[in-house]
Amino acid sequence: MAPVFIILCALGLGLVGWFTARAKARTLFTGRGSMHSLPSYHGWNVALWIILPALVIWSIWQFISPGLIEAEALASPAAAALPDAGMLRSAILSEAQKLADDPDAIVFNPAAKEMVPAVSAAVSKYNWIGAGLTLLFAFVGGAYAFSRVKAAYPARSLVERTVMTALFIASLIAILTTFGIIASLIFETGVFFSYVSPIDFLFGTHWAPDPFAPVTDNIGDKYGAIPLFWGTIFIGAIIAMIVAIPLGLMSAIYLTQYASAELRKVMKPVLEILAGIPTVVYGYFAALTVAPQVRDFALYVGMDNPSTESALAAGLVMGIMIIPFVSSMADDSISAVPSAMRDGSLAMGATKSETIKKVLIPAALPGIAAGIMLAVSRAIGETMIVYMAAGAAANLSANPLDSMTTVTFQIANLLKSDGAFDHPATLAAFALGLVLFIVTLLLNIIALRIVNRFREAYE
Amino acid sequence: MSNSVSIWQTEAMTGRVKKRYNAERRFKALGMAAIIISALFLVYLLGTMLAEGLGGLDWSFIVNSDATTPDDAGIWGALKGSFFTMIVTLSLAFPLGVLAAIYLEEFAARNRWIGWIEVSINNLAAVPSIIFGLLGLAVFIQTMHLPRSSALVAGMTLALMTLPVIVIAGRNAIAAVPPSIRDAALAVGASKVQTVFHHVLPLALPGILTGTIIGMSRALGETAPLLLIGMQAFVATPPDGIRDSATVLPMQVFLWSDEIDKGFVQTTSAAILVLLVFLVTMNGLAIYLRNRFETRW
């Protein structure tokens, strides 16, 4: 019996419980004020008493049954030929389980085939026991609640308390996610720093991790992340911003100050579409059309043998991607400047552009600066464009036509290569992730602070 | 009096005014140019994809799965993978997001704990997506031993990423429902929970749905976190369930873009067109919902 089927059974029972309890509660109704709760609340109460115990028992069973199945399979005569406890035995057992699920599955260990009958017998036995226990608890819970369906029974308060608990638990997920991110990054980074000292990592200039190299004492020489930090800043915070800031700011100014209502109505969605295009599409576009043109340009200016992957191609396309962020933040902060300031300037005889340059932009500057910080944090966390267009070579160079690599590129690259999880090369990805997380977090917190203070200033 | 020339007519002054008007025109032209450059880039991008990919869009491209030759390659497997992933994401992120939004907006006391929850939701919305991939790898695969490169893990990872978007949209939609609605329900004897679920939530639902669709369309186009949970594997058989090895549409684009065979340029561009059609449809639906059902109080 498939585990999902049991859950469906429990839900079906809950539905039956809902209808019967509501029907019973309806018979108790003797007139206005004769009951504490509406009949449907009695229905909900019984349904919850059926479904919640079943779910709890079912999840507990999912945790303990693999151990029981393994013990049962090992006790069978077929298991006598298996090697002693260890990696190989657990690999054989898991392959046998795969075969038991799906007879066509591909397995590498011939011993697994021998184990299939024993394993599938154990699996079906414990699945039946689990199903029985789950449904038993559903029945017991339902029967208990059903016996409590009385006129004075406060079904509504109980149901509402459960609802409130569910709401509270749902709101904890966000904080759990944050905690999970921080905990897993810090934990793996700690393990990484037991191989490579933080000083070597943060200030070293040579980056050449090899996930299959043996771990030696001087491994720290190969984990100097400065070239990655430089590549990230050069692509995300310099080249991309040189493109995005003028274009984003000027389009925001034009749309808010000059454009007719019709043009605004057309152009704002166009900018929003730019923000909604998946980054993998930008990355492909950068690799397909922009990078070859940048390469031709590099040949033209006399570089010999330029790479098809360059910081410039990735940065240019990333800049275009960032335009909508800069422009919408600039739009918000320019609109937040009180119109009295603008009207005052115009009334003194300043032209529109003078008003914008001398009054609106200085007044909106904190908001614009915050928008740029958010855009930078977005750009340095962007993966696909640099992954497809910037390259893997960790060059410490100021030439935008060189191939360069970034923090996000290296995270993806190190984890893609199927190395052992406890190798420093894999763990380095988590250390890079921690650096990236801290930097983007700081940028965001500072930007939000600025925005809030700026908003207060004009209210 | 009549022969004295006004200061505005002096040559120096007309020159100055002319200069200022020229500066004004230049500035306006710069703004126009910025808009045109952005729009041209979009046209260039879409035009390139259409020119490269339109020829590859036929029936066999839709019903085939990944293959080693561009002529046999299709997107059915990736479409199915994306579908399963989105189902997992939606069924986790939507209920949790709506419930969390209700709690934070309607019931939560203003204390330090709730402050922490709010801060972490706002920060999660700005965390780079690849960090969620690291979380998925460390928690779902290394700790919970869920199947690598499955739609289940991908959906759970993307759900964590989409959750803050839905919570923020949900809170805005709930806050936009005027207090008079709540007061009216409470005044005729509804409990607080009844007020929220029978009156506030239905009125806020269009706004919540709009936010959900926008969050889902972002999740549909996401690639980076899925790279880390093993979805870059070559999957030639379409997945039959959420635990099977799968790939998703943007990941298929990425995999094909890496192929050396020139023929894959067409398949990649065609897959991008399909992806863009889905995204445009979803965003169009969101805009329609917003215009059709949004009430201005």
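Observations
- Any hit, the stretch A:388-395, residues being at pLDDT below 90 and in contact with a strand residue (DSSP E or B) (Cβ under 7 Å, 6 or more places away or on another chain): yes
- Within the option set A:N399, A:N395, A:N444, being assigned to a helix (DSSP H, G or I) and either in the same structural domain as A:D304 (by TED's automatic domain parsing) or on the phi < 0 side of the Ramachandran plot (or both) holds for one residue only, A:N444.
- Pairs linking a residue in the stretch A:1-21 that is more than 14 Å from A:W49 (Cα to Cα) to a residue that is at pLDDT 90 or above and loosely packed, with under 12 Cβ neighbours inside 10 Å, with Cβ atoms under 6 Å and 6 or more positions apart or on different chains, do not occur.
- One residue from A:A10, A:A71 being touching a Ser or Thr at 6+ places or on another chain (Cβ under 7 Å) and assigned to a helix (DSSP H, G or I): A:A10
- Residue in the stretch B:230-240 that is at the interface with another protein chain (Cβ under 10 Å from one of its Cβ atoms) and touching a Gly at 6+ places or on another chain (Cβ under 9 Å) present: no
- Which listed residue is among the small types (G, A, S), part of a helix (DSSP H, G or I) and within 28 Å of A:F437 (Cβ to Cβ), from B:G136, B:G207: B:G136
- Members of the stretch B:245-297 found to be in a loop (DSSP other than H, G, I, E, B) and surrounded by fewer than 20 Cβ atoms within 10 Å (Cβ to Cβ), listed by number: B:D258, B:E259, B:I260, B:D261, B:K262, B:G263, B:E294, B:T295, B:R296, B:W297
- Test: A:M341 is more than 12 Å from chain B (Cβ to nearest Cβ) and surrounded by fewer than 17 Cβ atoms within 10 Å (Cβ to Cβ): yes
- Whether a residue is within 12 Å of chain A (Cβ to nearest Cβ) and either among the β-branched types (V, I, T) or in a helix (DSSP H, G or I) (or both) was assessed, and B:R148 does not pass this test.
- Residue among B:V119, B:V88, B:V153 that alone is under 17 Å from the mean Cα position of the chain (by Cα) and over 13 Å from A:A170 (Cα atoms): B:V88
- Sole residue being surrounded by fewer than 17 Cβ atoms within 10 Å (Cβ to Cβ), at pLDDT 90 or above and over 28 Å from B:A29 (Cα atoms), chosen from A:V280, A:V191: A:V191
- Some residue of the stretch B:179-188 being facing another protein chain (nearest Cβ under 10 Å), in contact with a helix residue (DSSP H, G or I) (Cβ under 9 Å, 6 or more places away or on another chain), touching a residue at least 12 places away in the same chain (Cβ under 8 Å) and not in a loop (DSSP other than H, G, I, E, B): no
- First in the stretch B:118-135 and assigned by TED's automatic domain parsing to the domain that holds B:E222, second anywhere and assigned to a loop (DSSP other than H, G, I, E, B) and modelled with pLDDT under 95, Cβ under 6 Å, 6 or more apart: B:P128/A:G381; B:S129/B:E222; B:I130/A:T383
- Subset of the stretch A:233-277 that is at the interface with chain B (Cβ under 9 Å from one of its Cβ atoms) and part of a loop (DSSP other than H, G, I, E, B) - its residue that is modelled with the lowest pLDDT: A:A259
- The lone exception for A:A392 - which of (1) within 14 Å of another protein chain (Cβ to nearest Cβ); (2) touching an Asp or Glu at 6+ places or on another chain (Cβ under 7 Å) it fails: (2)
- Any chance A:T20 is surrounded by fewer than 18 Cβ atoms within 10 Å (Cβ to Cβ), of a type in the set (V, I, T) and not in a helix (DSSP H, G or I): no
Here is a yes/no grid of residues against (1) closer than 30 Å to B:E222 by Cα; (2) surrounded by fewer than 20 Cβ atoms within 10 Å (Cβ to Cβ):
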site: B:M13; (1), (2): no, yes
site: B:V17; (1), (2): no, yes
site: B:F27; (1), (2): no, no
site: B:G55; (1), (2): yes, yes
site: B:P70; (1), (2): yes, yes
site: B:S82; (1), (2): yes, no
site: B:L96; (1), (2): yes, no
site: B:F107; (1), (2): no, yes
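- Residues in the stretch A:129-156 that are among the hydroxyl-bearing types (S, T, Y), more than 20 Å from A:F63 (Cβ to Cβ) and either buried (at least 19 other Cβ atoms within 10 Å of the Cβ) or not assigned by TED's automatic domain parsing to the domain that holds A:W49 (or both): A:Y153 only.
- Apart from one condition, B:I260 fits all of (1) more than 11 Å from chain A (Cβ to nearest Cβ); (2) in contact (Cβ under 8 Å) with a residue 24 or more places away in the chain; the exception is (2).
The values are calculated or read from the model by the stated rules, or taken from the named source; none is laboratory data. Since this is a predicted model, take the numbers as computed values, not measurements. Please note: Cβ atoms are built from the backbone with ideal geometry, for glycine as well, and neighbour counts cover all protein chains shown.
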